[in-house]
Amino acid sequence: MSIRYTDSLDGITPDHLRGGFFEGWTRPLTPEQHLRTLKGCSGCLLAFDEAGGMVVGYITVLTDGVLSAFIPNIEVLPAFRGQGIGSELFRRMLDRLAAIPNLDLMCDDDVRPFYARFGMRPLGGMVFRRTDITLS
Ligand SMILES: CC(C)(COP(=O)(O)OP(=O)(O)OC[C@H]1O[C@@H](n2cnc3c(N)ncnc32)[C@H](O)[C@@H]1OP(=O)(O)O)[C@@H](O)C(=O)NCCC(=O)NCCS
């Protein structure tokens, strides 16, 4: 398996994102919407499977560049999990955010051990999940 990690979206089209991301989501994004989130965030990293010619993992970040950064999403396609790809994406993103003191993300309880390995700790928060809004 040859995975290339990149922060470039050059040449990435919705067809590269059709592997089945947003597994289990009530309203999974289309590959077109997914690509727009990658382009619209402050930065992203992709794990690109050279053999299959598709994106198999990604991580996004929103940041003010000074104090705070929020990681909206990290996901690895099911068939590619458990091979260190998620860890590599997260480690590379932490490196990029080394100068930012406050790093936040939301996650289900069962994923906490994944982040705890990097030294993150749980903290409360408040959210809206406005499912009445149709994604553009
Ligand atoms: C979480 C996720 C990105 C991890 O990606 P991955 O490529 O499978 O992770 P790795 O192979 O680097 O796993 C690293 C370690 O974390 C553990 N781990 C991975 N996913 C985990 C999970 N969901 N819960 C608990 N531990 C997890 C692995 O067991 C592994 O531990 P080990 O080295 O002791 O075996 C991936 O499981 C995923 O896409 N899940 C669905 C989407 C999701 O939940 N994203 C997080 C949203 S906040």
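Values for this structure:
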{"item": "Residues within the stretch 11-70 that are within 16 Å of the ligand (Cβ to nearest atom), open to solvent by less than 70 Å² (accessible area, probe 1.4 Å) and either aliphatic (A, V, I, L, M) or farther than 27 Å from Met1 by Cβ (or both), tallied", "result": "12"}
{"item": "Test: Ser87 is farther than 21 Å from Asp108 by Cα and either in contact with a Ser or Thr (Cβ under 9 Å, 6 or more places away or on another chain) or of a type outside the set (A, V, I, L, M) (or both)", "result": "no"}
{"item": "The stretch 104-123, residues that are within 14 Å of the chain's Cα centre (by Cα), among the aliphatic types (A, V, I, L, M) and open to solvent by 40 Å² or more (accessible area, probe 1.4 Å)", "result": "Met106, Val111"}
{"item": "Cβ pairs under 8 Å, 6+ apart, first in the stretch 12-34 and among the basic types (Lys, Arg), second exposed (fewer than 13 other Cβ atoms within 10 Å of the Cβ)", "result": "Arg27/Thr131; Arg27/Leu135"}
{"item": "Selection count where residues are more than 15 Å from Phe22 (Cβ to Cβ), within 6 Å of the ligand (Cβ to nearest atom) and either open to solvent by 50 Å² or more (accessible area, probe 1.4 Å) or not in a helix (DSSP H, G or I) (or both), scope the stretch 73-93", "result": "3"}
{"item": "Neighbours by Cβ (under 6 Å, 6+ apart or cross-chain): first from the stretch 94-117, closer than 9 Å to Ala69 by Cβ; second more than 9 Å from the ligand (Cβ to nearest atom) and open to solvent by 80 Å² or more (accessible area, probe 1.4 Å)", "result": "Asn102/Leu67"}
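The values are calculated or read from the model by the stated rules, or taken from the named source; none is laboratory data. In this text the structure is predicted, and so the values were computed from the model without any measurement. Cβ coordinates were reconstructed from backbone atoms using ideal geometry, including for glycine residues, and neighbour counts include every protein chain displayed. Accessible surface areas use protein heavy atoms only, side chains included; no ligands, DNA or RNA. Shrake-Rupley method; radii C 1.70, N 1.55, O 1.52, S 1.80 Å.
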